[in-house]
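Asks: The following block contains the structure, expressed as structure tokens.
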Amino acid sequence: MSATSKPITRRGVLAAGTAAVALGLSACGASSSDGSEPLLGIELPEIFDKPGQQAEEEPSRVESLLATMTLEQKVAQLFCVTPEGLTGIDQAVAAGDTTAAALANIPVGGLAYFGQNIIGEQQLRDMLSATYEHACAAGASIPPFLSVDEEGGPLVARVANSGYFDVPSFPSMIEIGATQDTSKAAEVGETIGTYLADIGFNLDFAPDADVLTNPDNPVIGERSFGSDPDLVAQMVAAEVEAMHETGVAPCVKHFPGHGDTAGDSHSGAVYTERTREEIESCEFEPFRAAIDAGVPLVMVGHIETPNFAADGLPASLSPTMIGDVLRGDLGFEGTIISDSFAMGAITQNYTADEAAVQFFAAGGDMLLMPEDLQLAYDGVLEAVSAGTLSEERIDESVMRILTAKENLGLLD
């Protein structure tokens, strides 16, 4: 457009169309009124809806990306694995050709890192950066979640407790909760999110949203903000909001609540004997608060609820707890990720492929750390081929995962 030309406006188009009609009246006869011919021989501009037409909405970026993906690429996005689970090596501390080849084979949606993967500051930064690049070069070129368990406190803080990073450390979350000051929880979320983002992580499996109703709990203990569900809810919401602002996605855990259990799901089945009413009024409160605060991921634990779901299944495999309760009753629309499927609560009762198929059939979106990635991946593909799982069910989960990544800015 030249400096002297005028912009084309809707009013201008109307005026031009009116003039054209006036000029063409003597030469062109009026068309039929059924819309089969252009009125007076003039095509309506595209800015107008023609008779009987509805303006079609443009597909979203996520929808457009999903439409380009093969089934194999979509199923790969459903898994978050350790670098060892991806590559088969004993201890991964770098991401070179072996990682690139493994991602070319199964371009997983995310990777999870632990203490053994951290042997230096620059080493960790380089490994995360290289993994990110390899993932973007594989499959549908979708950036991965790079995740870690960084709750803060002396028990679960892979980075802060590694000794390689000069980052702030925090007391246990039960001490943070004892202050009854939500700004302290927000400080935890902001601080941890800031240093994780700087290193190269974009997903943190924190905060812990469990209410410590059993003080003898061997797994949660001081990782919890406390035994008062209202206080825990306030603390969790504050940390979720603060961490999310840093560009790192928080993930609350372990739904439907691990604070009452006496067992350890790392080694076997775990139960809570609490009633439905007790769980709804206590354990669910922090999860409701996290959902209201916009948490993008919820981790479902391997916890059986014989007096609630009563289906004999851990929550991570239960259509009742995942579909009816977390999706339905609590209204969570984000990504549901499992706790590790390498834990005894799963491996003692299911093969990797059986567990994966059951998790996705129950409504889960992302499976964390299958015991055997290749077997689980192939099992899901075979289930789709056999009709046990529909591709539409797979698409639903991939849409949620891609939406979470888009909201983090990973798809820019």
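Only the coordinates and a few stated rules stand behind these numbers; no lab work does. This structure is a prediction, so every number in the text was calculated from the model and none was measured. Here the Cβ is made from the backbone with ideal geometry for all residues, glycine too, and neighbour counts use every protein chain on show.
Asks: Would you mind calculating the gained length between Ser227 and Thr351 on full extension (0.36 nm times residue separation, minus the Cα-Cα distance), in nm to one decimal? Intermediate results must be reported in sequence, preceding the final value.
Replies: On the way: separation 124, 0.36 × 124 = 44.64 nm, distance 3.59 nm.
Result for the pair: 41.1 nm of gain on full extension.
Asks: Now a separate question. Could you please report the charge total around Gly331, scoring K, R as +1 and D, E as -1 over all other residues with beta-carbon less than 13 angstrom from its beta-carbon? Intermediate values should be presented prior to the final figure.
Replies: Numbers: positive: Arg288, Arg327; negative: Asp292, Asp324, Asp329, Glu333.
Around Gly331, the charge tally is -2.
Asks: Evaluate 2.2 N^0.38 Å with N set to the residue count of the range 122-168, then give the Cα radius of gyration divided by it.
Replies: Working: Rg = 13.4 Å, N = 47, 2.2 N^0.38 = 9.5 Å.
That ratio works out to 1.41.
Asks: Let me ask you something else. Please report, in whole Å³, the volume per residue of the convex hull around the C-alpha atoms of the range 130-252. Spell out each step's value before the answer.
Replies: Working: hull volume 13.5 nm³, N = 123.
Cα convex hull per residue, to the nearest whole number: 110 Å³.
Asks: If neighbour count is taken as other Cβ atoms inside 10 Å, put His254, His244 in order from fewest to most.
Replies: Details: His254 27, His244 20.
Going from sparsest to densest Cβ surroundings: His244, His254.
Asks: For the modelled label position 7 Å from the Cα of Arg327 along Cα-to-Cβ, which residues of the range 370-412 have backbone nitrogen atoms closer than 15 Å?
Replies: Under 15 Å, as judged by backbone N against the label point of Arg327, lie 389-401 of the range 370-412.
Asks: Pop the C-beta distance of Thr70 and Ala310 into the FRET formula with R0 = 41 Å and round what comes out to the nearest 0.05. List each step's numbers first, then the result.
Replies: Working: r = 40 Å, r/R0 = 0.96.
So, using R0 = 41 Å, E works out to roughly 0.55.
Asks: What base-10 log of the normalised intensity I(q)/I(0) is obtained for the range 255-339 from the Debye formula, alpha carbons as equal point scatterers, at q = 0.16, 0.21, 0.25 Å⁻¹?
Replies: -0.54, -0.96, -1.37
Asks: Long-range amide H contacts for Cys251: which residues qualify at under 5 Å (H placed 1.01 Å from N, peptide plane, sequence gap of 5 or more or a different chain)?
Replies: Counting only residues 5 or more places away or on other chains, the set is Asp204, Ala206.
Asks: Leaving out same-chain residues fewer than 8 places away, which aspartates and glutamates sit with a Cα under 12 Å from that of Lys184?
Replies: Hits, sequence-local ones excluded: Glu175, Glu239.
Asks: Determine the distance separating the Cα centre of the range 349-412 from the Cα centre of the range 220-265; give it in Å without decimals.
Replies: Each part reduced to its Cα centre gives a spacing of 25 Å.
Asks: Please give the FRET efficiency for Ile89 paired with Gln122, using the beta carbon to beta carbon distance and R0 = 22 Å, rounded to the nearest 0.05. Each step should come with its number before you reach the end.
Replies: Details: r = 20 Å, r/R0 = 0.93.
The calculated FRET efficiency here is 0.60.
Asks: Give me Asp378, Asp208, Asp230 sorted ascending by neighbouring Cβ count inside 10 Å, so fewest comes first.
Replies: Starting with the residue having the fewest Cβ neighbours, the order is Asp230, Asp378, Asp208.
Asks: Would you grab the residues whose amide H sits under 5 Å from the one on Glu304? Only those 5+ places off in sequence or on another chain, please, with H modelled 1.01 Å from N.
Replies: So Glu304 has HN proximity to Val270, Tyr271, Thr272, Ala315.
Asks: Something else now. If you take the Cα atoms of the range 68-407, find Rg, then find the Kirkwood Rh from the mean of 1/r over all pairs, what is Rg/Rh? Write down the numbers at each step before the final one.
Replies: Values: Rg = 18.6 Å, Rh = 19.7 Å.
Answer for the range 68-407: 0.94.
Asks: Local charge sum around Pro143 (other residues, Cβ-Cβ under 11 Å, Lys/Arg +1, Asp/Glu -1)? Spell out each step's value before the answer.
Replies: Numbers: positive: Lys405; negative: Glu133, Glu406, Asp412.
Taking every Cβ under 11 Å from that of Pro143, the sum is -2.
Asks: Across every pair of different alpha-carbon atoms, what Kirkwood hydrodynamic radius in Å does the range 70-210 reach?
Replies: Values: mean 1/r = 0.0630 Å⁻¹.
Kirkwood hydrodynamic radius for the range 70-210: 15.9 Å.
Asks: Of Tyr195, Tyr377, how do they rank once you tally other Cβ atoms within 10 Å and put the fewest first?
Replies: Tyr195, Tyr377
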